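Just so you know, all these numbers are worked out from the coordinates, no wet-lab data involved. A quick note: this is a predicted structure, and the numbers were derived from the prediction, not measured.
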């Protein structure tokens, strides 16, 4: 339902001749994430995903349930959302693991795991598409900026 309302609002804004902005609430972003985020990535279930929007960046937190590990792993990653108008897509850039909780792991093990993820896995994901818009609407968006509790979508 949120997506239909958002689509209607976007169509109204698109038909306006001057440049305009639209605010997308953190709640709407989280509704989209919970509906569209793959429930499993590389054999790891992702549970309870949540996005927190801050000034200029976003935090993505979730619980990872790997098949080969008996306990859930909690993590948060900071990222900078960047709009690519040519492809009508929102990219995640400058990602870094901000917190990691592996049950039973010692501090040194957590620090090593965090370093490994930040230095090898997240750089490989640099520029990953986190949202793909319809070309008709998406190519009319000039920028998307993260603000506290919302995304500012500029046309």
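Observations on the structure shown:
- If the segment from residue 148 to residue 63 were pulled out straight at 0.36 nm per residue, it would be longer than the present Cα-Cα gap by 28.3 nm.
- Rg/Rh for the chain, where both radii come from Cα atoms and Rh is the Kirkwood radius: 1.02
- Distance between region 131-148 and region 45-119 - C-alpha centres, whole angstrom: 23
- q = 0.14, 0.15, 0.20, 0.29 Å⁻¹, region 99-155: log10 I(q)/I(0) [Debye, one scatterer per Cα]: -0.65, -0.70, -0.85, -1.11
- Angle in degrees between helix 26-36 and the longest Cα principal axis of the chain, rounded to the nearest 10: 70
- Rounded tilt (10° steps) of 107-116 against the dominant C-alpha axis of the chain: 50
- Rounded to 10°, Cα long-axis angle of helix 2-14 versus longest principal axis of the chain: 40
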